1. Report whether or not B:THR211 is modelled with pLDDT under 95 and of a type in the set (Ser, Thr, Tyr).
2. A:ARG131 - would you say it is more than 16 Å from the chain's Cα centre (by Cα), basic (Lys, Arg), assigned to a loop (DSSP other than H, G, I, E, B) and more than 16 Å from ligand 1 (Cβ to nearest atom)?
3. Looking at segment B:142-152, can you tell me whether even one residue there is within 25 Å of B:PHE196 (Cα to Cα) and under 30 Å from the mean Cα position of the chain (by Cα)?
4. Hey, among A:LEU138, A:LEU120, which residue is surrounded by 20 or more Cβ atoms within 10 Å (Cβ to Cβ) and within 11 Å of another protein chain (Cβ to nearest Cβ)?
5. Consider A:ASN61 carefully, then state whether it is within 14 Å of another protein chain (Cβ to nearest Cβ) and more than 14 Å from ligand 2 (Cβ to nearest atom).
6. Does B:VAL80 satisfy being over 30 Å from the mean Cα position of the chain (by Cα) and among the β-branched types (Val, Ile, Thr)?
7. For segment B:32-51, indicate whether the set of residues that are in a helix (DSSP H, G or I), among the small types (Gly, Ala, Ser) and over 19 Å from B:ILE239 (Cα atoms) is non-empty.
8. Mind listing whichever residues of segment A:35-90 are of a type in the set (Lys, Arg) and more than 16 Å from ligand 1 (Cβ to nearest atom)?
Amino acid sequence: MVSLNPSSADNAHISVRELHKIYKRGSESIDVLRGLNLNIQAGEFLAFMGPSGSGKTTLLNLIGGIDVPNSGTITVDGQRIDSLSSSALTRWRSRHVGFIFQMFNLIPVLNAFENVEMPLLLTRLNKAQRRKHVETALDLVGLADRMKHYPRQLSGGQEQRVAIARALVNDPSILLCDEPTGDLDRESANEIMGLIQRLSSEQNKTVLMVTHDPVAAKCADSVLHLEKGVLVEAIAQAQG
Amino acid sequence: MKFLHLVYANILRKKMRFFLTIGSFGVALFLFGILVAIHNGFYQGIDAVEDNRLVVRNKTSLMVFLPYSYKAKIEAMEGVEYVIPSVWFAGVYQDRKNFFSQFAIETAGWVETYPEYAIDKDQWSAFENDRQGCMVGRALAEKFGWEIGDRIPLEGTIFPGAWEFNICGIFEGNKKNVDLNQMWIRYEYLAESIPFMKGQVGWYAVKAIHTDYVNGLISRIDGEFSNSPAETKTEPEKIWMLGFVKQMGNIKLILISVGGVVIFTLLLVTGSTMAMSVRERTSEWATLKTLGYGDTLVLGLVLGESFFYAIIGGAIGLGLACLFVSKGDPTGMMGGLFTLSPDNIFAGLTLTLITGFIAGVLPAISAMKLRIVDALRRV
Ligand SMILES: Nc1ncnc2c1ncn2[C@@H]1O[C@H](COP(=O)(O)OP(=O)(O)O)[C@@H](O)[C@H]1O
Ligand SMILES: [Mg+2]
């Protein structure tokens, strides 16, 4: 179960301690995160809510290792990622984290297959092995028949599913989703949420999702609110 | 190599930009090829000239002859091996456009003085035995389809009349860059046929026994004939030939300036194209980095695009230049030396790669330094 208590759960999958993040803009500095604590167990599905500008994206970026904190620690499976060098962090990220963005962030000149293959080009897998992994991932998101389609030939929901396949193809333990349904209509949003839920329950991925959408948030095991730089309450939800 | 597809897909993203950038490289490298060929046309023959040869001409002007009597006096000097009387014939073959050099020469010592020509012994003795004979370079013979035994009509200009010469032999080059677009005829024939040429020569080609004698000979020859009615000006043959090129202006400077401006323009055009195309894709670079693409890989991907343009455009431009040059010098002035060597092509490819690198390196560094969080926020 998720916990906001700094002293509990040393065996947590992801453990965040006294996290501070300050952005400097000219002479003024913004304290986005102010001593945030969080423990997450493997396979948990958490939703983060909070007003715009409250630091939700910042928190995800720090846990995903695309940004570094000013102070505090982030430990994932016993490894301190806040003190890794930039290149070590890059390697760590490619192995352990899958990112899903609001705008999908597919490469427009590559087709679905090639987009999903991108993370695998960094591995030692040969062409045949890569093909197998990509097909499995696209199959999992229900787009096996759209492999040769380019992003502009897909609907928003389909694009996001390609992006999810890309996030999954390396088999990371953590999925970070920043408003994954923010750019989708209700129906596509529901589809995507169903898919993310399945990944959490069937594939045992740890899912951290930022959302403004209460319906999407309901799919999570717990919802955390970010306010004034700290997580203020946890609402445990009934499963399902 | 597996990333090549991404480079290639990105380059083809905007067809118009693709063709314009390739075209810029193509045009610039085509021009480079032509400029180099022009340079070769003017200067390459000079590089092939032996250092132990001197040319003695009339101090007043090349248009004024020297007495034949100087030959024996120069021959008597220490360090002189051969002295060859020569005259510029300037005949026209069918049409003025068919310009090529014709030299009226004495045959004695010629073969020894000009070892850069490969001359068949039997053909040469046929030339020595035929006062109306001539020797032609391989390139010239091929250009006009001449063969040994053909009779070549030339319309005289300096020496009026309808002249005819029998081809006794066809010579080749013993090394690179030898001008094979020339014809040699017999000095004796000219001197006998034209009354005002009797006892006159255009200039003397002098072969020194060794290059060490060259400087001493220059002052000795000019000193010997100073205060005479026909004072001489003696120079190494290389300097003499450079003088001809200089008469047409500082060709080297012109070529380098034009080439420099073209390459600089190419740099500006491709550099700003690369900068623009990289900036447009800020969020894509950020996405790649998020997926685990490291700094050097991102740097390489951008440079790869730049190199791709450079190699394809450069190869097309150089290829077209080769094709153009293979058709020969369009002005007819530079003779058979209007060529591109493999070294020149290699230099062109190096130039295109360096240009590609410079055009791509700043955008590549900016893509490399891009911070993911900033880039993703900008979307
Ligand atoms: N790279 C950055 N540079 C400067 N300020 C930033 C940067 N990222 C975020 N911020 C600021 O930090 C605050 C939190 O941003 P963010 O984490 O994106 O909020 P949320 O995702 O909750 O809307 C905002 O005030 C934002 O302007
Ligand atoms: Mg956000």
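The values are calculated or read from the model by the stated rules, or taken from the named source; none is laboratory data. Here the structure is a predicted model, which is why all the values come from computation and not from measurement. When we count neighbours, we look across all protein chains shown, and the Cβ atoms used for this are built from the backbone with ideal geometry, even at glycine. Side chains included, ligands, DNA and RNA excluded: accessible areas come from the protein's heavy atoms. Shrake-Rupley method; radii C 1.70, N 1.55, O 1.52, S 1.80 Å.
1. Values: modelled with pLDDT under 95: yes; of a type in the set (Ser, Thr, Tyr): yes.
Yes: the conditions hold for B:THR211.
2. Working: more than 16 Å from the chain's Cα centre (by Cα): yes; basic (Lys, Arg): yes; assigned to a loop (DSSP other than H, G, I, E, B): no; more than 16 Å from ligand 1 (Cβ to nearest atom): yes.
No.
3. Let us first name the residues in segment B:142-152 that are within 25 Å of B:PHE196 (Cα to Cα), namely B:152.
Cutting the leftovers down to under 30 Å from the mean Cα position of the chain (by Cα) gives us B:152.
Yes; the residues of segment B:142-152 include at least one that is within 25 Å of B:PHE196 (Cα to Cα) and under 30 Å from the mean Cα position of the chain (by Cα).
4. On the way: A:LEU138 fails: within 11 Å of another protein chain (Cβ to nearest Cβ).
Only one candidate qualifies: A:LEU120.
5. On the way: within 14 Å of another protein chain (Cβ to nearest Cβ): yes; more than 14 Å from ligand 2 (Cβ to nearest atom): no.
Answer is no for this residue.
6. yes
7. First, the residues of segment B:32-51 that are in a helix (DSSP H, G or I): B:32-47.
Restricting the remaining residues to those that are among the small types (Gly, Ala, Ser) gives B:33, B:37, B:41, B:45.
Checking which are over 19 Å from B:ILE239 (Cα atoms) leaves us with B:33, B:37.
Checked segment B:32-51: at least one residue is in a helix (DSSP H, G or I), among the small types (Gly, Ala, Ser) and over 19 Å from B:ILE239 (Cα atoms).
8. Going residue by residue through segment A:35-90, those that are of a type in the set (Lys, Arg) are A:56, A:80.
The one that is of a type in the set (Lys, Arg) and more than 16 Å from ligand 1 (Cβ to nearest atom): A:ARG80.
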